[in-house]
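Report on the structure given below.
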Amino acid sequence: MSSRSGLGIGAVLLLLVCPARSIADKLQFTSTPAGATVELDGMAIGVTPCEKEFPGGYFHKTRTSYGARLEHALVARISLAGYATKELTLTEGPQNWISLNGRNRGEYWLLKADRFHVNLLPIGETFTGEVVAKASDGGAGLSPELSLEELVRQTKPAVVYLKGLDKSGSGFLVTGTGVIVTNAHVARGEESLLAQLASGQQLEAKVVYIDADMDIALAKLQIPDADVDLPHLALTAATNVHQGETVLAIGNPGDAMLFSVTKGIVSAVGKFANAGPGTWIQTDAPINPGNSGGPLLNSRGEVIGINTQKLIKKNLTGIGFALSASDLLEVLHRFYPSVALGKQRTASAVSSPAVGEVSDAAQPLNASAPAAPDGVGTVTISSEPDGAEIFVDEKFLGNAPASLKLSAGSHAIVLKFPGHGEWRRTLEVLKSSKVSLKATLEPSP
């Protein structure tokens with residue numbers, strides 16, 4: 001009898017010391033169209049439809065302090081060649097785990113759902129219209145400087161107020177078809193934003209791109225009249241920004257009037273690791289919460305930067321930072337291949353090639369482009385490290401791995417990955433051919 005009692009007590013102690021392992025639940029991803037690559041925190045887990053097992057404690061609050069907890073936010077990127085990449089915040093939190101005895105056992109996050117579906121938007125249908133990029137030519141061809149009143153009058157109609165579920169910010173139009181630029185931290189976690197124009201009109205703006213490295217996001221206004229040409233701003237590269245020049249910031253600071261204007265000067269231009277990757281413009285123009293994503297303008301009404309952050313430190317005032325338009329041009333170049341990265345000699349308006357159209361931006365003027373051969377071939381591209389950006393004939397087509405349908409003929413293929421050298425090949429695609437490429441990108445020295 002005593003042996004039975006000892007066995008029972010031992011079993012109870014064993015259960016207390018070694019609790020049962022969490023039962024795994026499945027997180028599912030689907031997309032329209034299917035076949036998109038799914039990355040979780042930068043690691044590819046498969047192509048849609050796909051699923052991944054996680055402990056039950058990731059989906060609902062654990063019942064014991066021994067249960068598995070998700071101790072960080074989880075972000076998914078879903079990409080497919082020829083479609084705009086989508087980024088999803090999968091979790092909500094943080095929340096504090098308080099045990100029954102009142103002890104704080106740290107923070108945790110919970111998945112919002114066990115299934116996520118995204119509708120991917122074709123690049124050719126999303127990134128339409130023209131982007132205006134201006135560059136100096138030793139002073140020739142520069143637009144005249146405007147009075148402050150005229151500068152505000154001309155540029156304010158292109159600025160928008162953006163509101164999400166629990167945050168708000170600013171943005172500005174860069175095409176007449178409704179492509180909006182803002183900060184990634186304004187758009188992250190949002191499927192769409194409410195956009196208010198300076199006229200008071202409110203429209204939906206779908207988030208169509210969030211950059212993985214730069215604090216840059218793109219949204220697209222859902223315009224009732226497709227023929228309308230919205231006011232939009234020209235961009236100019238950081239090479240044309242000069243220390244001491246006058247600048248204006250337009251935006252929507254929290255707890256203040258919308259579409260307000262502040263004035264300052266360019267304090268410095270260059271790299272600044274404390275602010276993040278990219279080229280930064282330091283200014284004393286007041287930049288407050290809610291100004292994020294709005295334009296920093298020169299006296300000619302050109303965007304020189306995206307207002308991004310304010311330095312808050314004891315005994316420091318009047319220090320704000322804008323991410324340069326050069327970094328924005330790098331992003332827009334992926335969708336508008338003709339956008340020169342601050343190297344053009346005169347102002348140019350460039351448009352996104354229509355679906356099926358071949359861009360001739362890299363060809364000499366007056367040169368006749370040879371007719372493209374009939375037919376297509378299939379090119380499958382993978383990369384090491386995984387997730388490299390794929391450019392075909394200077395056009396961004398998504399992230400590796402990807403399977404592309406390319407017209408027969410010669411194509412310039414470039415893969416890029418942060419912190420690594422570029423991988424380049426010229427590929428001759430034959431009709432009905434199937435080719436696989438594995439790109440190994442070496443770390444930059």
> How fast does the stretch 165-280 diffuse by Stokes-Einstein, in µm²/s, taking the Kirkwood radius from C-alpha pairs at 20 °C and 1.002 mPa s?
Replying inline: 135 µm²/s
>> For the stretch 184-286, what does the relative contact order come out to in percent, with C-alpha contacts under 8 Å and a separation of six or more?
In response: 17 percent
>> Explain nothing, just the number: dipole magnitude of the stretch 199-288 about its Cα centre with +1 on each Lys and Arg Cβ and -1 on each Asp and Glu Cβ, in debye rounded to the nearest 20.
In response: 220 debye
>> Taking the Cα centre as origin and putting +1 on Lys and Arg beta-carbons and -1 on Asp and Glu beta-carbons, what dipole magnitude results for the stretch 112-263, to the nearest 20 debye?
In response: 300 debye
> When the accessible area of the stretch 138-263 is computed with all protein chains present and a 1.4 Å probe, what percentage of it is carbon and sulfur?
Replying inline: 51 percent
> For the stretch 378-445, what does the alpha-carbon gyration tensor say about shape, rounded, prolate or oblate, given a ≥ b ≥ c as the root eigenvalues, a/c under 1.5 as rounded, and a/b over b/c as prolate?
Replying inline: prolate
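The values are calculated or read from the model by the stated rules, or taken from the named source; none is laboratory data. All figures in this text were calculated on a predicted structure; none of them were measured in a lab. Note that we place each Cβ from the backbone using ideal geometry, even for glycine, and neighbour counts take in every protein chain shown. Remember, those area values only see protein heavy atoms, side chains included, never the ligands or the DNA or RNA. Shrake-Rupley method; radii C 1.70, N 1.55, O 1.52, S 1.80 Å.
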